[in-house]
Every structure is written in structure tokens, then in C-alpha cells.
Amino acid sequence: MEEKFNRLIFIPIAAVLFLMIGYQYVCPSDSNTCYFRSDEKGLFQRYSSGFELVYTEPEADEDLPSKITSKFNFTERDLDRHIDFNIRGDDVMVFLHIQKTGGTTFGRHLVKNIQLEQPCDCMPGQRKCTCHRPGKAESWLFSRFSTGWSCGLHADWTELTSCVPVVMNKRDKKNAQKSKRNFYYITMLRDPVSRYLSEWKHVQRGATWKTALHMCDGRPPTQDELPACYSGEDWTGVALADFMSCPSNLANNRQVRMLADLSLVGCYNMSSVSELERGRVLLASAKANLRNMAFYGLTEFQRKTQYLFERTFGLHFIRAFTQINSTRAASVGISEKVRWRIEGLNALDVELYEYAKELFLRRYQYNRQKQHQEERLRRWQERQHRQRMHRTYLAALWRLGGGGGGGEEAEEEVKVQEEITTTEDYSSQVVRW
């Protein structure tokens, strides 16, 4: 009788202990796993694939509006960027460096700030670093600070796509027909007005970039196709009004021109198509090339640029990117009328940047949500493992307390429950959350 009484007392005590332990693992105190669902929407509504993007708090150095109007239609394929970059194989990262977009800073991050099995070898006093694959004398990075201006000073998309494969084969002494390299193009963009003012200040200090090749369809532009904006060695001290008045100034719509396929409009021959048609074709080409690039970042969002690069390539930086807003362009005071004039001269860049910014932010939100899903799945798998361990522990505890056949029946019941639980699909667990 006393043994039966002890067994009856033990059953509710064991049940209470089980519930308490289980609750602590399902809803730990330092977790937000258990919460009540609200009706508040995230940063974006649902896009065509039905995937809901949830707003997350922005980094301290970057302000995001609480709501962004969706103007463009992007597919899940446009948002999901993941490159299985094989640094040991034949993959090559190609950095398209557009002037005054923060490319110099980003280029230094690529050669000095990435965690690699074999880091780039950067010797003091030298402008270029040696970025070889582990165990091979081959470069995995094509950029200013690794291979130099091998395709010309600030080579654009038209130049790089025709030049890079040839240059890489010569450098690594490979037969072009046998080479199976994968080229992953990356770039940086910047707000058009800020970029334009920054380029003006740079030219005002003596920069010219006159050694740039501007190769297209196998030849550089003629003097008639691309006349100089100044006479003499450089344009030092140029006033903003004069800088804006030159019709052949390559600062105008520079980002669209450097990202588009210039062969589609007869390169620098302005008489091949009308100005309106030329702008339409170049903008469409620049959007398509940007969208299909492996990665691009925005100067105004340094931390998000770092996050998306790491998510895209699976490579991680050693030090965090910093947002510097006190630039030379920011220090230039201009009237509203001058701003409108600059926006008019860079109308294509303004539209491209609007497109690029929305795609960039949506990719960021998509990756954040995907990361949260991965973390929830990992936590769920950990809970399942812990629960199985506790079931085993309780079965052993039951045997010690009850003994005999009752313990065997309890153990069998626990095994059945374990089998049912472990065969439940993940979707049912998501519903429970």
C-alpha cells in the first residue's frame, strides 16, 4: 500500500517538473521566442512571391524611414543573392570602380579587411597588394589595389567585360579556351548630386582622369566624339557653373554610362541614335547590369553594404565599416536652383539611383528576414534535441521511482511520444510559434 501511495505522489511531481523544464527550454527567459502576434505590418508589404518582409531596427549610423514606398517590381530572384564563391577554384571578383562613390575605401576593405585563409599581401609603400588563392599564384580579385588599372583607368562595364578575361588569362598564363573562370562583378553607387559635387571638387583640385581609355567596340572615342572640356593640362580651379556648362563632361550621368553596355548606342558616337532614345537604352541597360551583378553597395549605407556583401559571398570583414558623412560634397552649400540644375544634368543617374536604392534596401530586408528564419530553425532543432534528452532523463527517473513493469510501460510511452514529436514537419512548428 505504501509503495502504491509513493508511486501516486511521484507521478504529479514528475509531471510538474517536466512541464517546468520543458517551458524553460521552449521559452527561455532571455529569448523572444514566445510572443503575441500583432497586426502591425513590417517595412514592406508582400511582394509577388508572397514572402513577407519584416522591418528591423536600423543600425545606429544609418537612418531608415519607417515605411518605404515600393515603386519597382522585384522578383524573389532579384532579392536572393548568394554566391558560392570558390576562392580556391577559378572564381574571380571584379570591382567596377566608379569615381567618387567611395570606391577607394571599399577597395581597401577588399584587400586589407577580409578574413581569408591566405590574406592579401600588402607591402608598406606599395599601392598594390598580392591577392593569391590558397596554394596558387593566381589572383582571385581584379581591382585597383590588386591588379592595378589593367583595363584602363576607371574602366567601365563595357571595357571590363571584354578586357578582364583576356588580362586574367595572360596574368595566370592560362589558355583562354580551357579557362572556365566565373567572373563576379561588384560596384558601389552614390547619391548623384553628392557624387557630382564631389567630382567637381576633385577636378577643381587638379584631377583629370585623361589617361582613361574609354574603349568601346575595340577602339577609343575620337576627339570629335569626346571633346575635352578644357585646354591645358587640367581644369584646376574650375567654377561649378563652368563645370556644369560643358556638354561633353563625363561627370554627367557617369554612373549610368559606366554601368551600361555602350555598344548598344554606338559607343560615343552621339549621332547614331537620338538623345532621348540613347538615354532610354542606356538607363535600361544600366539597370539590368546592376540588377544582375553579384553585388553592389551604396555609399550612404556602409553597414548595410558590409552586411549584404558578407551574406552574398560568405566572406566576413575583420573590422566594421564606418559611415562618414562629413565629406567635401557635404560641405558645399548650393542653392535649390543649382541643385535642380545638377539633377537635370544627371537625370539618368537620379532614376538609376532611385531604382538601386529600393533594390538594395529590399535585398537587405529579405536577407534579414531569411537570417531570422534560419536562426529560428536552428533554435527549434536545438529545443528538439534538448527535449529528447529530457525525455530520456525522465524515463530513467521514472524507472528509479516506480520500478518494475510500470517503468517499462512509461519508457515505452515516452519513446512513442518522442517518435511522434520528431516526425512532425517544420511547418507545424512555425504555426505553433
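The values are calculated or read from the model by the stated rules, or taken from the named source; none is laboratory data. On a predicted model such as this, the values are computed, not experimentally measured, just so you know. Neighbour counts are summed over all protein chains in view; Cβ atoms, including those assigned to glycine, are modelled from backbone coordinates with ideal geometry. Ligands, DNA and RNA are excluded from the accessible area calculation, which covers all protein heavy atoms including side chains. Shrake-Rupley method; radii C 1.70, N 1.55, O 1.52, S 1.80 Å.
Any of K304/K370; K71/K287; K71/K100; K71/K357; K100/K304; K128/K170 with alpha carbons more than 21 Å apart? Name them for me. Could you put the intermediate results ahead of the total?
Numbers: K304/K370 15 Å; K71/K287 14 Å; K71/K100 27 Å; K71/K357 11 Å; K100/K304 19 Å; K128/K170 18 Å.
K71/K100, as the Cα separations exceed 21 Å there.
For D234 and I324, calculate 0.36 nm times their separation in residues minus their Cα-Cα distance, and state this gained length in nm to one decimal. Spell out each step's value before the answer.
Numbers: separation 90, 0.36 × 90 = 32.40 nm, distance 2.88 nm.
Separation in residues times 0.36 nm, less the Cα-Cα distance, equals 29.5 nm.
Roughly speaking, what is the stretch gain from Q371 to V332, that is 0.36 nm per residue apart minus the C-alpha to C-alpha distance, in nm to one decimal? Mind showing how you got there, number by number?
Values: separation 39, 0.36 × 39 = 14.04 nm, distance 4.00 nm.
Taking 0.36 nm per residue and subtracting the Cα distance, the gain is 10.0 nm.
How about the range 184-221: which chymotrypsin sites (Phe, Trp or Tyr not before Pro) there lie in a loop by DSSP and see at most 16 other Cβ atoms within 10 Å?
Answer by residue number: W209.
Along Cα→Cβ, 7 Å out, is where each label goes; now give me the distance between the ones at E343 and N292 in nm to one decimal.
3.2
Run the numbers for R77 and Y393: contour at 0.36 nm per residue of separation, minus the present Cα-Cα distance, in nm.
Values: separation 316, 0.36 × 316 = 113.76 nm, distance 4.64 nm.
Difference between extended and current length: 109.1 nm.
Under 16 Å from a label point 7 Å along Cα→Cβ of V167: give me every residue in the range 66-97 with its amide N that close.
Residues 92-97 fall inside that zone.
Among bridges DSSP assigns within the range 84-375, what percent are antiparallel (round to 5)?
Approximately 25 percent, going by the DSSP bridge assignments.
Over the range 272-406, what percent of the accessible surface lies on carbon and sulfur atoms, probe 1.4 Å?
Numbers: 3560 of 6730 Å².
Using a 1.4 Å probe with all protein chains present, the range 272-406 comes out at 53 percent carbon and sulfur.
To the nearest 0.05, what FRET efficiency results for R280 and R219 with a Förster distance of 30 Å applied to their C-beta separation?
After rounding, the FRET efficiency stands at 0.75.
Sorting check: for 70-77, 263-270, which peptide has the highest mean count of neighbouring beta carbons within 10 Å, and how do the rest follow?
Details: 70-77: 11.2, 263-270: 17.5.
In decreasing order of mean packing, 70-77, 263-270 become 263-270, 70-77.
Given the options V273, Y296, Q306, identify the residue whose Cα lies farthest towards the positive end of the charge dipole of the range 265-313 (+1 on Cβ of Lys, Arg; -1 on Cβ of Asp, Glu).
The residue sitting most towards the positive pole is Q306.
What accessible area per residue, rounded to a whole number of Å², is obtained for the range 74-147 using a probe radius of 1.4 Å? List each step's numbers first, then the result.
Working: 3480 Å² over 74 residues.
Here the per-residue accessible area is 47 Å².
Taking the Cα centre of the range 84-375 as origin and charging only Cβ (+1 Lys, Arg; -1 Asp, Glu), how large is the dipole, in debye to the nearest 20?
It comes to approximately 840 debye.
With every protein chain kept in place and ligands, DNA and RNA left out, what is the accessible area per residue of the range 217-294? Probe 1.4 Å, answer in Å².
So the range 217-294 comes to 49 Å² accessible per residue, rounded to a whole number.
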